[in-house]
Amino acid sequence: MKSQRIFAIGAIVVAIGGIAWIALGNLGENLVYYWTPAELHQNAAKAAGATVRLGGMVKTGSIVQGTPLTFEVTDGTDTVKVSTSEIPPAMFREGIGVVVEGTVAADGSFQSKRLMVKHDNEYRAPKDGKMPDEKAMFGTLDDAATTAATP
Amino acid sequence: MILAYLGMGLVLVALVFAAAGAIAGFTAGRTESVEGVKWARWLGLGFCACMMLSTITMETALLRHDFAVRYVAQVGSLSTPTYITIVSLWSSLEGSILFWGFVLATYIAVTLALTHDRKSPALADAIATWLAVGAFFCFLMVGPANPFLPLSSPVPTDGPGPNPLLQNHILMVVHPPMLYLGYVGMTIPFGFAVAALLRGSLGAAELKELRNALMVPWGFLGVGITLGAWWAYEVLGWGGYWAWDPVENASLLPWLTATAALHAAMLPSRRGTMKGWTTILVLTSFLLTLLGTFMTRSGVFNSVHSFSQSDIGPTFLGFIAVVLVFSVVLVAMRIDRLEGEGEGGAVVSRESAFLLNNLLFVALTFTVFVGTTYPLMAEALRGVKVSVGEPYYNQMAVPLGAAILFLMGVGPALPWGQPSAERLRKLAYPLGLGFGFVALGWLGGVHGGWPSVTLFFAGFASHVTLAELHVAFAAGFSRQSRRIGGYIVHAGIILMFVAVAISSAFRIDQETHLAKGETVEFGGYSLTYVAAEKIEESNRERQVAHIDVRKQGALVTSLDPALNIYPGMGAPIGTPAVYTTAEHDLYLSLMSIEPERIGVHMFRTPLIVWLWVGGGIVALGTLLALIPSRVRA
């Protein structure tokens, strides 16, 4: 009886260890980094092939309508060219804070799979020339669902 | 103004009652004083009464639009419909803490009523634990999250109204209370588990009490999670219902551990083992509900560093730390007294199935926990902003979920103790139904991969479940009601598994622009944009697109996806329109609307309606498992 119990506990420990090992391995492969255009440039090596969330402001005069839609996201110092085949939300326009999720293409442009415009109660679009609040913006992609399930 | 002071006073008195009751209860538990139990009970009822009265006070203030109460000025508005005004009690932080207190008071009052004839010191410990938790929430309301702060003059004449997302859909009215009932209700089994550990014993009657007390919040939590997923699907407009969002995960975690606990609790009654383990799972479930509340209420997910600026973050984190340390010390000191010398079963037996079940649920909990908390750790320790992508969760949860489904079939088919060769041979019938499901799926276009594996396990589990239900019904409903309820829950879960697997693997979607009068072909339907319309309502403006849906030339339905614009909120909130059939949903989400042209995202998702039906079946099964045994208790 005793040896059986030890065997069972040993088996459970091995199983939990194995699952933890797999989980942590998977975790490392599926991290999504939040970056500003400047940070994206600094981390170019890491960004290759990974899913990235890029946050910033839509540069004035950079929107080119069409399929795909292209525009530039800026943080004041650096800009990244973004293209998406998505239909942008109604609020999308020049100078608004956006977060795009996608990958960096070989030519350095950003292929967005998901385009979000900052829109919650507390957050107001930044005044001309002022950068949007980065933290408030990074919350954007989570906002909808966060408000959803908050008890 | 008077309501603000009245409410404040009631919360203060509730705090005194809770603190005094907790002290009286723990003292009675140590001194085994019957008089002490009585005292704890009366103080507990006092707490409940004050808590309920203070909630009524807040509702009165909300309904009378008494903007002298700051919370009412924050969330109230003269233009809001009355039922929205009532539920705006939980639309913001302070009110939701008050509502939390109200739900806790209700739970405690009901439990005290159900145990009114008991004067055991164990009950005193349980009461003391509940009241200690109650005291903490009162403390939050007296301090950092005061719902009754008066507003210094000038008193405004109108307010902004609650969060538009709350106003946008009826499910948002129902879903939060369900989650609260789940979260808060975990306090009750937590109290019973603490009492069992403090006394170092968990008898058959106490075990049954613990399991029933656990089943109630577990059921509400399940309903809350399902309604939340349904709400996300009906409102958020991305065609899905579950995104492994931190807030969703926060509600899933305690449900997973509580599910494990409900199964673990079935072993001691049979074999005398696993008592200690069951209490550990109950303590963990309670801790996870606290963690969930902390994560959703402190704004920690916008940034680790923002939580300290939130009103309750540090206090709440401190409370979690105290409960964690208390739980660990308690378990370490008493676990050996609870772990009786029970008998294990053979390697292939019902006992092993239960052990494996617990292992899988713990593994799933661990997976979700790591994924949810990793970004917080990364930001706090390394200053990096990351999030964990959905593929992580899917890669982990799909095989673990499949294993759970497999076990749901095999477990109940295995006998307790030593299995006979004959019993094992009987497993051939369910195998047949498993292959039958796969064949059916094959005809419907499911060709291999995880969906087929899911169908196979689902077929197997369905056969076993239906056979068990047949046996239980034959033995008589009133005697077997708990077993019947349990297997009906299993049936609902199997249905949900199938719906999740098929709907996520075979969803198709497409985005397009439509000019007025233009038609697009999508998923066997022809969609024509007919007209746009603006509708003014008291609290919002709706921009609706009328779209005719035809199938083989015949008009099936007209769908009206909309964008709702709330004053004071910059961006419009979409309301997708859904055409539901048993086979699939056609789901239209409006991206942009102009009179001459709309941007629309179209989805066709198979079998998704069965996810909500399955959730309903689970709720029904829970009720059946619960109500009769409550009546008997």
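The values are calculated or read from the model by the stated rules, or taken from the named source; none is laboratory data. Note that the coordinates shown come from a computational prediction; the quantities given were computed from them, not determined experimentally. Please note: Cβ atoms are built from the backbone with ideal geometry, for glycine as well, and neighbour counts cover all protein chains shown.
General observations
- A:ASP75 vs. criteria more than 11 Å from chain B (Cβ to nearest Cβ), over 27 Å from B:MET602 (Cα atoms) and under 17 Å from the mean Cα position of the chain (by Cα): yes
- Complete set of residues in the stretch B:372-384 that are touching a residue at least 12 places away in the same chain (Cβ under 8 Å) and crowded, with 17+ Cβ neighbours inside 10 Å: B:THR372, B:TYR374, B:PRO375, B:GLU379
- Test result for B:ALA250, assigned to a loop (DSSP other than H, G, I, E, B), in contact (Cβ under 8 Å) with a residue 60 or more places away in the chain and facing another protein chain (nearest Cβ under 9 Å): no
Per-residue answers, yes or no, for (1) assigned to a loop (DSSP other than H, G, I, E, B); (2) under 30 Å from B:ILE404 (Cβ atoms); (3) among the aromatic types (Phe, Trp, Tyr):
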{"residue": "B:GLY486", "(1), (2), (3)": "no, yes, no"}
{"residue": "B:ALA491", "(1), (2), (3)": "no, yes, no"}
{"residue": "B:ALA499", "(1), (2), (3)": "no, yes, no"}
{"residue": "B:SER503", "(1), (2), (3)": "no, yes, no"}
{"residue": "B:LEU514", "(1), (2), (3)": "no, no, no"}
{"residue": "B:ALA532", "(1), (2), (3)": "no, no, no"}
{"residue": "B:SER538", "(1), (2), (3)": "yes, no, no"}
{"residue": "B:ILE547", "(1), (2), (3)": "no, no, no"}
{"residue": "B:ALA582", "(1), (2), (3)": "yes, yes, no"}
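- Candidate set from the stretch B:567-595 (those that are out of contact with any strand residue (DSSP E or B) (no Cβ under 6 Å at 6 or more places or on another chain) and of a type in the set (Asp, Glu)); member that is farthest from B:TRP255 (Cα to Cα): B:GLU594
- No other residue among B:VAL471, B:VAL464, B:VAL489 is surrounded by fewer than 18 Cβ atoms within 10 Å (Cβ to Cβ) and β-branched (Val, Ile, Thr) apart from B:VAL471.
- From the options B:MET266, B:MET295, B:MET274, residue that is within 13 Å of chain A (Cβ to nearest Cβ), out of contact with any Asp or Glu (no Cβ under 7 Å at 6 or more places or on another chain), over 20 Å from B:TYR180 (Cβ atoms) and modelled with pLDDT under 90: B:MET274
- Helices (runs of 4 or more DSSP H) wholly inside the stretch B:1-107 containing at least 3 residues that are modelled with pLDDT of 90 or more: B:2-31, B:34-63
- When residues of the stretch B:357-409 are limited to those that are outside any helix (DSSP H, G or I) and within 7 Å of chain A (Cβ to nearest Cβ), the one modelled with the highest pLDDT: B:VAL388
- Any hit, the stretch A:51-66, residues being without any contact (Cβ under 8 Å) to a residue 24 or more places away in the chain, among the charged types (D, E, K, R) and under 28 Å from B:ASP245 (Cα atoms): no
- Selection count, the stretch B:555-573, where residues are in a loop (DSSP other than H, G, I, E, B) and modelled with pLDDT of 75 or more: 4
- Any pair with Cβ under 7 angstrom, 6 or more apart, that starts in the stretch B:169-185 at a residue that is more than 8 Å from every other protein chain (Cβ to nearest Cβ) and ends at one that is of a type in the set (Val, Ile, Thr) and in a helix (DSSP H, G or I): B:HIS169/B:VAL235; B:VAL173/B:VAL87; B:MET178/B:VAL223; B:LEU181/B:VAL103; B:VAL184/B:VAL103; B:GLY185/B:VAL216
- The sole residue among B:ALA243, B:ALA193, B:ALA250 that is crowded, with 24+ Cβ neighbours inside 10 Å and either outside the structural domain of B:HIS169 (by TED's automatic domain parsing) or over 14 Å from the mean Cα position of the chain (by Cα) (or both) is B:ALA193.
- Failed item in (1) on the phi > 0 side of the Ramachandran plot; (2) touching a Gly at 6+ places or on another chain (Cβ under 6 Å), with B:GLY476 passing the rest: (2)
Matching residues to (1) modelled with pLDDT of 90 or more; (2) within 27 Å of B:PHE220 (Cα to Cα):
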position: B:TYR579; (1), (2): yes, no
position: B:HIS584; (1), (2): yes, no
position: B:MET591; (1), (2): no, no
position: B:GLU596; (1), (2): no, no
position: B:TRP612; (1), (2): yes, yes
position: B:ILE617; (1), (2): yes, yes
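- Members of the stretch A:28-71 that are surrounded by 18 or more Cβ atoms within 10 Å (Cβ to Cβ), of a type in the set (A, V, I, L, M) and more than 14 Å from every other protein chain (Cβ to nearest Cβ): A:MET57, A:VAL58
- Pairs with Cβ under 8 Å, 6+ apart, first in the stretch A:91-102 and in contact (Cβ under 8 Å) with a residue 40 or more places away in the chain, second in a loop (DSSP other than H, G, I, E, B) and crowded, with 20+ Cβ neighbours inside 10 Å: A:GLY97/A:LYS118; A:GLY97/A:PRO132; A:VAL98/A:PHE92; A:VAL98/A:LYS118; A:VAL99/A:LYS118
- Test: residue in the stretch B:228-237 that is within 11 Å of chain A (Cβ to nearest Cβ), touching a strand residue (DSSP E or B) at 6+ places or on another chain (Cβ under 7 Å) and either of a type in the set (Phe, Trp, Tyr) or on the phi > 0 side of the Ramachandran plot (or both): yes
- Residues that are crowded, with 21+ Cβ neighbours inside 10 Å and without any contact (Cβ under 8 Å) to a residue 60 or more places away in the chain, drawn from the stretch B:408-429: B:GLY409, B:ALA413
- Which listed residue is in contact with a helix residue (DSSP H, G or I) (Cβ under 6 Å, 6 or more places away or on another chain) and more than 14 Å from chain B (Cβ to nearest Cβ), from A:VAL80, A:VAL99: A:VAL80
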